[in-house]
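S.K.: Below is a structure I'd like to ask you about.
The values are calculated or read from the model by the stated rules, or taken from the named source; none is laboratory data. Fair warning: this is a prediction, and the values are worked out from it, not measured in the lab. Every residue, glycine as well, gets a Cβ built from its backbone with ideal geometry; the counts of neighbours run over all protein chains shown. Note: accessible area is taken over every heavy atom of the protein model, side chains too, but ligands, DNA and RNA are not part of it. Shrake-Rupley method; radii C 1.70, N 1.55, O 1.52, S 1.80 Å.
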Amino acid sequence: MRRPIVAGNWKMHGSREENAQLLSALIAGVGACAAEVIVFPPAVYLAEVAALAQGSAVRVGGQNLCTESIGAYTGEVSGAMLVDVGASHVLVGHSERRALYGESDSVVARKFVAAQAAGLVPVLCVGETLEERESGVTEAVVSRQLDAVVSLAGTAAFLKAIVAYEPVWAIGTGRTASPNQAQAVHAFIRGYFSAKDVMLADHVRVLYGGSVKASNAAELFGMADVDGGLVGGASLKAEEFVRICVAAG
Ligand code: PGA
């Protein structure tokens, strides 16, 4: 039985005051929930959010990290720095990083390796654009994104990683994949791993992301290969996010 995960990607939102309010409501609300709950605040707030979350069930992760571990990389944050301030997880290959900041499959793979080298659990985001879906290449795109990481990190690296399927057309658009659409790609991803290692495929948790809300979470999380969610907009509203966590388990 895979323990569900609900991850809240705050993106570039929040302030010290808002974060403290959101986090205390979350900690109070998710206490008895069975899902693993992880929030991803902006890097400058990570240390403070991690300190506030200490001793609670809520874990904290970074939204991005540098491919390198130390040196002359102005503006970058290393995996070791994220760990140092209390992060346990990090997002890798989010579609906004791929599309807006030009992160290629190979950069994403290097970030995945850098995350694990620092002791972080990478949450590898994959997913197709609307154009790719409409031209019938969803599986080819997802395979290519996974292949890049598998060829650099190896299959066994996924024992200590999480995968998030996030169709780009569903992110921030209010247009959620239907439970069947999500399940089809999740089953494909599990099959991808299963062809390499059956035990691993059974173990790896694959989250769905893209306009998850309290109103659609239970249906999505009820699908056989959906092990929870990566939630953007709805993770900024404590009550809504708590309802999503409860729906996961
Ligand atoms: P959304 O974002 O829930 O606002 O669609 C999901 C994500 O980008 O991780």
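S.K.: For a distance above 29 Å, tell me the whole-number percent of Cα pairs in the chain that qualify.
M.R.: Cα-Cα pairs in the chain separated by more than 29 Å: 22 percent.
S.K.: Follow-up. Apply 1/(1 + (r/R0)^6) to the Cβ-Cβ distance of Ser215 and Leu130, taking R0 = 25 Å, and write down the FRET efficiency to the nearest 0.05.
M.R.: It comes out at approximately 0.65.
S.K.: Counting just the Cα atoms, what span does segment 106-221 cover along each of its three principal axes? Round to the nearest Å and put the largest first.
M.R.: 37, 29, 26
S.K.: Please give me the summed charge of the neighbours of Arg144: other residues whose Cβ is under 13 Å from its Cβ, Lys and Arg +1, Asp and Glu -1.
M.R.: Result for the local shell: -4.
S.K.: What does the charge count around Gln63 come to, taking other residues whose C-beta lies under 12 Å from its C-beta (Lys +1, Arg +1, Asp -1, Glu -1)?
M.R.: Combined, the nearby Lys, Arg, Asp and Glu give +2.
S.K.: Give me the lysines in straight-line cross-link reach of Lys213: C-alpha distance below 21 Å, same-chain residues under 8 apart excluded.
M.R.: Lys11, Lys237
S.K.: Could you give the accessible area per residue of the chain, probe 1.4 Å, as a whole number in Å²?
M.R.: Result: 44 Å² per residue.
S.K.: If packing is taken as the mean number of other Cβ atoms within 10 Å per residue, what is the order of 129-135, 169-175, highest first?
M.R.: Final packing ranking: 169-175, 129-135.
S.K.: Amide H of Gly8 versus every other amide H placed in the peptide plane: which residues, excluding those fewer than 5 positions away on the same chain, fall under 5 Å?
M.R.: When sequence neighbours closer than 5 places are left aside, the close amide H contacts are Ile38, Val39, Phe40, Val231.
S.K.: While we're here: Could you name the lysines in cross-link range of Lys196, using Cα to Cα under 21 Å and dropping any fewer than eight places away on the same chain?
M.R.: Lys160
S.K.: Rg over Rh of segment 170-249, using C-alpha atoms and the Kirkwood radius, what does it come to?
M.R.: In segment 170-249, Rg relative to Rh is 1.01.
S.K.: Now for a separate question. What are the extents of the Cα atoms of segment 37-173 along their three principal axes, in Å, largest first?
M.R.: 46, 31, 31
S.K.: Quick one: how many Å² of Glu240 are accessible to a 1.4 Å probe, rounded to 10?
M.R.: So the heavy atoms of Glu240 present about 40 Å² to solvent.
S.K.: Just add up the charged neighbours of His186: K/R +1, D/E -1, any other residue whose Cβ is under 14 Å from the Cβ of His186.
M.R.: -4
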